[in-house]
Amino acid sequence: MNDSTASLKAQSRLPVAERTLGYLGLLPFVYVTLGLNLTLPLPYGLEPLQVFVSYSAIILAFMAGCLWRHSVATSLFSNVLAIAAFAILLLPMNPELTLLPLAVLYLALLGWEGFYCRKTYPQGYWPLRCQLTAVVVVCHVILYARVFL
């Protein structure tokens, strides 16, 4: 059995609700990313970059908060990530100041989880986290490239 088949089999052991909520959480990232290319409308005249960055910061803080139970060091790290996500919201809506730092913070979170936390995760959760984070980071990079290229 290859790695992707094993990953899918392991994910199937996760409750459907966890998988579904994980993938549904990607919808705002994907919608705004595609929306800039396809000029999809946002309600109330919202600015796509502001919507994307705000949602990204909230999700990053939420995901970081999920780590509090692991250890003191992990709790401190998760607080630093949550504060960094909040600080990014206070910056001007400049893609250089927001998109790339958020992408790096998602990768830092995933790296920390992979090194310190993943052994405690239910089977199938780690591959799901990797897939979700990959989509989120790719959306950040696409938006950044869309604005600057």
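The one condition from (1) over 20 Å from V141 (Cβ atoms); (2) among the polar types (S, T, N, Q); (3) at pLDDT 95 or above that S56 does not meet is (1).
Highlighted here would be helices (runs of 4 or more DSSP H) found entirely within the range 41-140 that include at least 2 residues which are among the charged types (D, E, K, R) and under 23 Å from L24 (Cα atoms), but there are none. Given the condition buried (at least 18 other Cβ atoms within 10 Å of the Cβ), touching a residue at least 40 places away in the same chain (Cβ under 8 Å), touching a Ser or Thr at 6+ places or on another chain (Cβ under 6 Å) and under 18 Å from L21 (Cα atoms), answer yes or no: does some residue in the range 88-105 qualify? Scanning the range 88-105, I find no residue that is buried (at least 18 other Cβ atoms within 10 Å of the Cβ), touching a residue at least 40 places away in the same chain (Cβ under 8 Å), touching a Ser or Thr at 6+ places or on another chain (Cβ under 6 Å) and under 18 Å from L21 (Cα atoms), so the answer is no. Here N94 meets the list (1) of a type in the set (S, T, N, Q); (2) at pLDDT below 95; (3) more than 20 Å from V141 (Cβ to Cβ) almost entirely, failing just condition (3). Criterion applied to G114, G124, G45 was being at positive phi and modelled with pLDDT of 90 or more, and the one residue passing it is G124.
In the range 12-33, which residue that is outside any helix (DSSP H, G or I) and in contact with a helix residue (DSSP H, G or I) (Cβ under 7 Å, 6 or more places away or on another chain) is modelled with the lowest pLDDT? Spell out the reasoning first.
Taking the range 12-33 first, the residues outside any helix (DSSP H, G or I) are 12-15, 25-26.
Retained after the next criterion (residues that are in contact with a helix residue (DSSP H, G or I) (Cβ under 7 Å, 6 or more places away or on another chain)): 14, 25-26.
Values: L14: 87, G25: 97, L26: 98.
Residue satisfying both the conditions and the ranking: L14.
Quick check on my filter: what residues within the range 54-84 are closer than 20 Å to F115 by Cβ, under 15 Å from the mean Cα position of the chain (by Cα) and surrounded by 16 or more Cβ atoms within 10 Å (Cβ to Cβ)?
Filtering the range 54-84 for residues closer than 20 Å to F115 by Cβ gives 60, 63-82, 84.
Then keep just the ones that are under 15 Å from the mean Cα position of the chain (by Cα); that gives 60, 63-67, 78, 81-82, 84.
Those that are closer than 20 Å to F115 by Cβ, under 15 Å from the mean Cα position of the chain (by Cα) and surrounded by 16 or more Cβ atoms within 10 Å (Cβ to Cβ): L60, M63, A64, L67, S78, L81, A82, A84.
The values are calculated or read from the model by the stated rules, or taken from the named source; none is laboratory data. All of these numbers come straight from a predicted model, not from anything done at the bench. Cβ atoms come from the backbone with ideal geometry, glycine included; neighbour counts cover every protein chain shown.
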